[in-house]
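Student: Here you go, one structure.
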Amino acid sequence: TALGDGGDTLGHLAVRSNGRTLLQYAGWSLASLVICMAVLAVVVHRYSRRVGRALVQPIDALASLTREIREHRAFDRRASGSSLREINALAEDFNAFLAELQAHQETIRLSHAGLERANESLRVASLHDPLTQLPNRAYLFEHLRNVVAESAVTKRRIGLAFIDTDRFKEINDTYGHATGDRVL
């Protein structure tokens, strides 16, 4: 009931409710909410799979490359970049690490080659007379061991001739070491 300024009744207003309309409105609202959530779930699922692939594929590739480098000692290989800033930074750091490893590997290889040359030089020096460069007693014993071992396997006969220089010390003492060296 609506009252006017003088307190007179102006009119009656009746509000009736239809429960069916309210239920339909609530049902449509709920259905719309469920549909929106389902669409959102599909979008989130697809986006998360795409983001997951964008993260996982470069990391898998880096792990695969690491395994290949370790197994084949292929330090010249490099990781490819990525559109993701963090993974791209990781690939760059990994490539810098590989470049350092490659440089160290080359340094070690050169050092090893130098040591092998020095070792061979020392071996030759230990088996030869420094003056005449002829094989010395150590060489003779090493060579005899090898020949005897080989003859035991091949059943071949071996022989040994011994030559001695008499009174060599007298040549050195009388005429000097330079003359003795020329005699040798």
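Student: For the stretch 110-117, state whether one or more residues are at pLDDT below 85 and outside any loop (DSSP other than H, G, I, E, B).
Tutor: Checking the stretch 110-117: not a single residue is at pLDDT below 85 and outside any loop (DSSP other than H, G, I, E, B).
Student: Going by what's in this entry, would Asn88 be described as open to solvent by less than 60 Å² (accessible area, probe 1.4 Å) and either of a type in the set (Val, Ile, Thr) or in a helix (DSSP H, G or I) (or both)?
Tutor: Judged against the criteria, Asn88 is a match.
Student: Could you please find all residues in the stretch 141-184 being open to solvent by 100 Å² or more (accessible area, probe 1.4 Å) and among the aliphatic types (A, V, I, L, M)?
Tutor: Result: Val153, Leu160, Ile163, Leu184.
Student: Within the stretch 70-86, is even one residue out of contact with any helix residue (DSSP H, G or I) (no Cβ under 9 Å at 6 or more places or on another chain) and either at positive phi or among the aliphatic types (A, V, I, L, M) (or both)?
Tutor: no
Student: Related question: Of everything in the stretch 14-41, what is open to solvent by 80 Å² or more (accessible area, probe 1.4 Å) and under 30 Å from Ile87 (Cβ atoms)? Give them in sequence order.
Tutor: If the condition is that a residue be open to solvent by 80 Å² or more (accessible area, probe 1.4 Å) and under 30 Å from Ile87 (Cβ atoms), then Leu40 is the only one that fits.
Student: Being out of contact with any Asp or Glu (no Cβ under 6 Å at 6 or more places or on another chain) and assigned to a loop (DSSP other than H, G, I, E, B), is that true of even one residue in the stretch 137-149?
Tutor: No, every residue in the stretch 137-149 fails to be out of contact with any Asp or Glu (no Cβ under 6 Å at 6 or more places or on another chain) and assigned to a loop (DSSP other than H, G, I, E, B).
Student: Select from the stretch 1-13 the residues that are modelled with pLDDT under 75 and of a type in the set (A, V, I, L, M, F, W, C) and write down the one among them that is least open to solvent (accessible area, probe 1.4 Å).
Tutor: Ranking the qualifying residues of the stretch 1-13, first place goes to Ala2.
Student: Right, something else. Anything in the stretch 42-64 that is within 34 Å of the chain's Cα centre (by Cα), free of Cβ contacts under 8 Å to residues at least 12 places away in the same chain and open to solvent by less than 100 Å² (accessible area, probe 1.4 Å)? List them, or say none.
Tutor: Selection gives Ser48, Val51, Gly52, Val56, Asp60, Ala63, Ser64.
The values are calculated or read from the model by the stated rules, or taken from the named source; none is laboratory data. Everything numeric in this text was worked out from a predicted model, so none of it was measured. Please note: Cβ atoms are built from the backbone with ideal geometry, for glycine as well, and neighbour counts cover all protein chains shown. Surface accessibility is based on the protein's heavy atoms, side chains included, excluding ligands, DNA and RNA. Shrake-Rupley method; radii C 1.70, N 1.55, O 1.52, S 1.80 Å.
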